[in-house]
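Remarks on the structure that follows.
The values are calculated or read from the model by the stated rules, or taken from the named source; none is laboratory data. Everything quoted here is computed from the prediction, not taken from an experiment. Counting neighbours? That spans all protein chains shown, and the Cβs are built from the backbone with ideal geometry, glycine included.
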Ligand SMILES: *Cc1c(COP(=O)(O)O)cnc(C)c1O
């Protein structure tokens, strides 16, 4: 029996995306593959709503995407402002420091996000070279007010790097209109492809900052100097080589990006909002408290929920026994006190009801009698039928 995969990445992917992976391995010099790679790059630009940006598709996970941004834009001694909403913001700071940046954090209490006024007050203490924001921090399910934060960075002439690993193609993001310099993501979350690809769209301003570097990028693999000619060549219909591209995954990426654009970005964002609303109605009806401190900062791509009184991490196993895979906590301060449910990519009304139902049964099997059976399902159903 196959479980329903409802963790915050990797996510369940479409059958056509899987079929692309099952086809014979394309050579990186095949005419067909060259066309596919070129189209995938153009589509990535569309997904980020960044017609003016340079796309990069590199073999690696989301953490490499973070390093692909930081390694190229940081020189030793540069100051960086990290808008910190959880574990992945800490990781960004860790990478920045490794590349020689002096990091300042701007934080909110756990479960919240700093607002533009707070960030602007820090930006005034600059000059900073760059600011990073985690669009959705997967450890807290906090959605940052990314548009206002990016615009604040712009007003101060600071490069804005946005980690969209748990958001891209699930949460609204208008890279060019908002003026973000790097939007980075990975294949295995809302982009709907198995793990293995680091994806970036980089503004002309960020490329120029990279060109003006005084010291070379500290390691070879993430250096845009190696990848830029490859991306430009494939987009122009010609092959180029630095390191072997993951040809099968790139074909799967092209299929998924095509599906995302066919659904329409606005329709896709709205579907994620709607499914998240149904989940939130269920959590509230079941008396489950969310980790984000308000609806305004609650992500639409996943939920993070405290275990109810008397319950612990064994709930995750009990939900699995009911046929749905969810995830435990991740934030070091409260890892053992909460769990996470992913709701991105192909998430449908059926998935919402199946997941809420499984959690209800698991709570009951665990001896939790606070909510009557069906309360959460009914609340979700009310939103979904609306
Ligand atoms: C998952 C995630 C990452 C890390 O991606 P990996 O593919 O696990 O390296 C980084 N940032 C955010 C916001 C994430 O959700």
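Computed values, structure above
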quantity: Residue match in the stretch 113-129 (condition: touching a helix residue (DSSP H, G or I) at 6+ places or on another chain (Cβ under 9 Å), closer than 18 Å to residue 69 by Cβ and in contact (Cβ under 8 Å) with a residue 12 or more places away in the chain); calculated: yes
quantity: Filtered residue count, the stretch 253-303, keeping only those that are farther than 16 Å from residue 343 by Cβ and part of a loop (DSSP other than H, G, I, E, B); calculated: 5
quantity: Helices (runs of 4 or more DSSP H) wholly inside the stretch 61-131 that include at least 2 residues being within 13 Å of the ligand (Cβ to nearest atom) and in the same structural domain as residue 217 (by TED's automatic domain parsing); calculated: 62-73, 87-98
